[in-house]
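The structure appears below as structure tokens.
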Amino acid sequence: IKKSSILEIIDFKEKIEEIGGLEGLKEWLSSKAQVFRRLDEAKKFGVDTPKGVLLVGMPGCGKSLAAKASARLFNVPLLRLDIGRLLGKYVGESEHNMRVALKTAESISPCILWIDEIEKAFAGIDQNGGASDITKRLFGQFLTWLQEKENTVFVVATANDITAFPPEFLRKGRFDEVFFIDFPNEEERERIFEIHLEKRRKMSDDINLKELAEETEGYCGADIEEIVKNAVENKFILETENEEEKKITTNNLLEATKSIDSLSNIL
Ligand code: ATP
């Protein structure tokens, strides 16, 4: 598989512990990973093979992070399917592309197949099945595959907008579970600050995580990452030689917060 094709192999190094909040999802993925890592044994024991999960929610709150972290947790390759790129000009081309992509994923299994912004591909299919013929055909093809696929392909589908889905898609049995990914609450924001400070080896006892979390209501995980990144960069360009002055403080972070517009401020 080449980079930037319909099916792309994605590099990942993210650990599940690097996700702040989303406790239910992390726990669920960890239990599925235990099954996935011992599939043969699990089958013999009578356990169903995990099929996949749908993650729906606001941008920047950790859906892609969760897709990558699950690949590490499951210890398998991560393939991303770009449904937008499937669409071809010729009759039958899109279906052919979809078939080839899904077959390729099966040939690489066990693996995780990550389908990002899945609603974009199936947008416009309403309750009455209205949409362009090609969208409907691709949707049908994908649903059939989901139901009949080689189970060693675990699907992680991510989407921002659940209202764009045809109801059939959400019916029980398509995915093992649907998770709604919301903005982080105060406690979760504390943890996300801590995670990103630790990643840059800038966490210290002096940093008041509680205050930072209180001041960042409505900010998503990606915003918090940006705040930490900017605060560290601002510190670096000061070019101080004094070790104490090099330390990141709560005030540095609060200052950096002002330069980031949270999504809730923009909306
Ligand atoms: P989009 O719908 O725009 O693709 P997303 O929900 O997939 O958004 P991510 O790409 O996972 O969001 O988030 C972007 C970055 O923000 C992540 O790589 C991570 O560094 C940080 N981030 C987001 N959410 C969290 C979180 N819950 N914990 C820690 N870091 C987070």
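The values are calculated or read from the model by the stated rules, or taken from the named source; none is laboratory data. None of these values were measured; they are calculated from a predicted model. A quick note on method: Cβ atoms are made from the backbone with ideal geometry, for glycine too, and the neighbour counts reach across all protein chains shown. Ligands, DNA and RNA are excluded from the accessible area calculation, which covers all protein heavy atoms including side chains. Shrake-Rupley method; radii C 1.70, N 1.55, O 1.52, S 1.80 Å.
Points worth noting:
- Within the range 148-161, considering residues that are open to solvent by 50 Å² or more (accessible area, probe 1.4 Å) and within 16 Å of the ligand (Cβ to nearest atom), the one nearest to Ala222 (Cα to Cα): Asn160
- Scanning the range 204-217 for residues that are away from the ligand (no atom under 14 Å from the Cβ) and part of a loop (DSSP other than H, G, I, E, B) yields a count of 7.
- Residue among Leu212, Leu254 that alone is within 30 Å of Gly57 (Cβ to Cβ), open to solvent by less than 20 Å² (accessible area, probe 1.4 Å) and either more than 28 Å from the chain's Cα centre (by Cα) or not charged (D, E, K, R) (or both): Leu212
- Residues being β-branched (Val, Ile, Thr) and touching a strand residue (DSSP E or B) at 6+ places or on another chain (Cβ under 6 Å) - total across the range 10-40: 1
- Yes/no for Asn97 being open to solvent by 50 Å² or more (accessible area, probe 1.4 Å) and away from the ligand (no atom under 13 Å from the Cβ): no
To keep it simple, each residue is scored yes or no on (1) modelled with pLDDT of 95 or more; (2) open to solvent by 70 Å² or more (accessible area, probe 1.4 Å); (3) over 26 Å from Phe165 (Cβ atoms).
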position: Glu8; (1), (2), (3): no, no, no
position: Gly21; (1), (2), (3): yes, no, no
position: Lys32; (1), (2), (3): yes, no, no
position: Cys61; (1), (2), (3): yes, no, no
position: Ser70; (1), (2), (3): yes, no, no
position: Leu78; (1), (2), (3): yes, no, no
position: Thr104; (1), (2), (3): no, no, no
position: Ile108; (1), (2), (3): no, no, yes
position: Ile118; (1), (2), (3): no, no, no
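- Filtering the range 1-59 to residues that are under 14 Å from the mean Cα position of the chain (by Cα) and either more than 30 Å from Ile195 (Cβ to Cβ) or part of a strand (DSSP E or B) (or both) leaves Ile10, Gly52, Val53, Leu54, Leu55, Val56, Gly57.
- The single condition among (1) within 16 Å of the ligand (Cβ to nearest atom); (2) within 22 Å of Asn97 (Cα to Cα); (3) of a type in the set (Val, Ile, Thr) that Val178 does not meet is (2).
- Condition met for Gln141 (open to solvent by 50 Å² or more (accessible area, probe 1.4 Å), over 20 Å from Ala222 (Cβ atoms) and part of a helix (DSSP H, G or I)): no
- Within the range 72-100, the set of residues being in a loop (DSSP other than H, G, I, E, B) and more than 24 Å from the chain's Cα centre (by Cα) comprises Gly88, Lys89, Tyr90, Val91, Gly92.
- Criterion violated by Gly57 - all others in (1) away from the ligand (no atom under 16 Å from the Cβ); (2) among the small types (Gly, Ala, Ser); (3) surrounded by fewer than 21 Cβ atoms within 10 Å (Cβ to Cβ) satisfied: (1)
- Residue that is least open to solvent (accessible area, probe 1.4 Å) [pool: residues in the range 218-251 that are more than 16 Å from the ligand (Cβ to nearest atom), among the charged types (D, E, K, R) and without any contact (Cβ under 8 Å) to a residue 12 or more places away in the chain]: Lys246
- Being within 13 Å of the ligand (Cβ to nearest atom) and assigned to a helix (DSSP H, G or I) holds for only one residue in Lys103, Lys136, Lys120, and it is Lys120.
- Any hit, the range 148-171, residues being touching an Asp or Glu at 6+ places or on another chain (Cβ under 6 Å) and hydroxyl-bearing (Ser, Thr, Tyr): yes
Matching residues to (1) within 16 Å of the ligand (Cβ to nearest atom); (2) open to solvent by less than 60 Å² (accessible area, probe 1.4 Å); (3) modelled with pLDDT of 95 or more:
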| residue | (1), (2), (3) |
| --- | --- |
| Ile1 | no, no, no |
| Ser4 | no, no, no |
| Arg38 | no, no, no |
| Asp48 | no, no, no |
| Phe74 | no, yes, yes |
| Gly84 | yes, yes, no |
